[in-house]
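Enquirer: Provided herewith is a single structure, encoded as structure tokens, for subsequent inquiry.
Laboratory data are not the source of any read-out in this text; all were calculated from the coordinates shown. Bear in mind the structure is a predicted one, so any value in this text is a computation, not a measurement. Note: ideal-geometry Cβ built from the backbone for every residue, glycine included; neighbour counts use all protein chains shown.
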Amino acid sequence: MTGPVLAVDQGTSGTKALVVCPERGVIGTGSAPVHPRYGPGGRVEVDPAVLLSSVIDAGRQALAEAGEPVAAVGLANQGETVLAWDPATGRPLTDAIVWQDRRTEALCAELAPHAEDLRQLTGLPLDPYFAAPKMAWIRRELTRDGVVTTSDAWLIHRLTGAFVTDAATAGRTQLLDLDRVAWSPRALDIFGLADEQLPEVVAADAPVGITTAFGHSGSPGGSGGPGIPLTGLLVDQQAALFAQSVTEPGAAKCTYGTGAFLLAQTGPRPRRTKSGLVSCVAWRLGGHTSYCLDGQVYTAASAVRWLTDLGVISGAADLDPVGSAVPDSGGVTFVPALAGLAAPWWRGDLRGSLTGLGLDTGPGQLVRALCEGIAAQVVALTDAVAADLGAPLTTLRVDGGLTRSALLMQTQADLLQLPVEVSALPDATALGVAAVARLGIDPGLTAEQVLPPWKPAAVYEPRISATAAAERLGRFRAEVAALLDRTPPGAP
């Protein structure tokens, strides 16, 4: 079996890197922060130079800690973050517009007559969340020069000189023909991007090129070989899906990070959703494409940060001690739609609500209400998956930073009325792309051989009755319905 690989997960708020050995596990780690800028009109931007430096810094830290060379590099990316850049020099021409950015609401409203056509072509609803509206906005408002792509294509170009993106990331643009796994001329025309030079769509395990950005052969001193092959590419949530061994139809995972992201494997054919989910590429490996259903909660850890900024808690570590100090939410209902509601509602224009407040409401009730609000949105996603698959899920595998909160995980199991299995892999996205990179350097390996056996670190079983869960969900759904009634689509 091949030696260690370097896996880099370039995320919204930071970049994490791991050196992963097939026999010894993680032997080196590194991290570097990324600080998006938030502006009026739902704007979220980041300096592309910070993205690149975070990748290099985190990777070099991990390699220095491991103290030995690696056989390959894998790179996971944010998905829908885009920028314009000069393909001759690699110089950014704009800031990167982050996936959370909502500035393209008006552009999406203008293209609304094409929404169903786009959904059938690409599997995605017309929404600012995806890359194509941001790409079109850059072309209209900022620059016609260079190329405009998702952030991974730029990072890969800076690392290796190649101009590629993996099939799963391309599937997040709303420009990929879901059935052919190729750029859609019709979708490009709808967004006014028909003349664009787009990266080649490659498999997740395709050998992409050689990078010396981390030192030759990944040696900490920067010498000892011609460079490291970049052989693994995958968008972040699909990498986590792969790491959790969700490779067969009917299983699902949810990652609790900045947002919460639920993916359910559907197999070798795309399944057009009727329940408000996204149908997209899970990965393309060894010449075969797998598909998944995808649902999003825009604010999870970002809602915890919001409570922290208000001084209600001092950070995510406070969720359990503060929330456990009270028996329940005290009648408080929190719809944490601080950046809008994603699947299955697709109402990014909505904002959150806190109801049922009283003079006796304290930090504990607010924390419990937030946990219930996040968990209730995930339940809405699992209900949509069950409707599309024609069968209920039997369990939910979860990962991400917020899974450290026993209160949130227990709340999730209670409202879901199913076991919640917490991953023993704290960095599932990086481990998933490490596995893909290993497939890229040794095509004779199978997915089962490169993935660790699934062993949850904890399993949360429901502790309340189905009737009690239905009552709590009913209160949440009533508040969502009230929000929808107060703000009709397209209202100013």
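Enquirer: Any lysines with Cα under 29 Å of the Lys274 Cα? List them, leaving off those in the same chain fewer than 8 positions away.
Expert: Cross-link targets: Lys134, Lys253.
Enquirer: What is the dipole size for the chain, taken about its Cα centre, with +1 at each Lys and Arg Cβ and -1 at each Asp and Glu Cβ, in debye to the nearest 20? Walk me through the intermediate numbers first.
Expert: Numbers: 36 positive and 49 negative charges, 49 e Å.
With Lys and Arg at +1 and Asp and Glu at -1, about 240 debye.
Enquirer: Hull surface divided by four, with the convex hull built on the Cα atoms of the chain: how many nm²?
Expert: Details: hull surface 86.0 nm².
Hull-based average projected area comes out at 21.5 nm².
Enquirer: Separation between the Ala406 and Thr2 pseudo-spin-labels, each 7 Å from Cα along Cα→Cβ, expressed in nm?
Expert: My value for the distance between the label points is 4.0 nm.
Enquirer: Continuing with the same structure: To make sure I understand the rule: partners must be aspartates and glutamates, Cα under 17 Å from the Cα of Lys16, and not fewer than 8 residues away in the same chain. Which ones qualify?
Expert: Asp57, Glu65, Asp152, Asp236, Asp399, Asp427
Enquirer: Next question. Taking the Cβ of Asp320 as the centre, find all other residues whose Cβ is under 14 Å away and add up their charges (Lys, Arg: +1; Asp, Glu: -1). Walk me through the numbers on the way to the answer.
Expert: Working: positive: Arg368, Arg404; negative: Asp318.
The answer is +1.
Enquirer: Mind giving me the FRET efficiency for Leu357 and Gln449? R0 is 56 Å, r the Cβ-Cβ distance, nearest 0.05 is fine.
Expert: Details: r = 54 Å, r/R0 = 0.96.
Efficiency computed from Cβ-Cβ geometry: 0.55.
Enquirer: Points 7 angstrom from Cα along the Cβ direction at Ala387 and Ala317: gap in nanometres?
Expert: Rounded to a tenth, the inter-label distance reads 4.2 nm.
Enquirer: OK, next. If we sort 90-96, 169-175 on the protection proxy, mean other Cβ atoms within 10 Å, highest first, what's the order?
Expert: Numbers: 90-96: 18.3, 169-175: 30.0.
For the peptides 90-96, 169-175, the packing ranking is 169-175, 90-96.
Enquirer: What are the semi-axes of the equivalent ellipsoid of the range 5-244, taken as the square roots of 5 times the eigenvalues of the Cα gyration tensor, listed largest first and rounded to whole Å? Walk me through the numbers on the way to the answer.
Expert: Values: eigenvalues 203, 63, 51 Å².
Taking √(5λ) for each eigenvalue gives 32, 18, 16 Å, largest first.
Enquirer: In nm, to one decimal, how far is the Ala49 label point from the Val459 one, both placed 7 Å along Cα→Cβ?
Expert: According to this spin-label approximation, the distance is 5.2 nm.
Enquirer: Here's a follow-up. For Asp485 and Thr308, FRET efficiency with R0 = 25 Å and r from the beta-carbon atoms, rounded to 0.05?
Expert: Values: r = 31 Å, r/R0 = 1.23.
Working from the Cβ atoms, E equals 0.20.
Enquirer: Work out the FRET efficiency for Asp86 and Arg37 from their Cβ-Cβ distance, taking R0 = 22 Å, and round it to the nearest 0.05.
Expert: Details: r = 22 Å, r/R0 = 1.02.
FRET efficiency, Asp86 to Arg37: 0.45.
Enquirer: Also, quick follow-up: Can you give the extra length, in nm with one decimal, that the chain gains between Ala109 and Glu196 once fully stretched, where that is 0.36 nm per residue apart less the Cα-Cα distance?
Expert: Numbers: separation 87, 0.36 × 87 = 31.32 nm, distance 2.25 nm.
Length gained between Ala109 and Glu196: 29.1 nm.
Enquirer: Using mean Cβ contacts within 10 Å as the protection proxy, how do 42-54, 130-142 order, highest first? Could you put the intermediate results ahead of the total?
Expert: Values: 42-54: 18.9, 130-142: 22.1.
With the highest mean Cβ count within 10 Å placed first, the list reads 130-142, 42-54.
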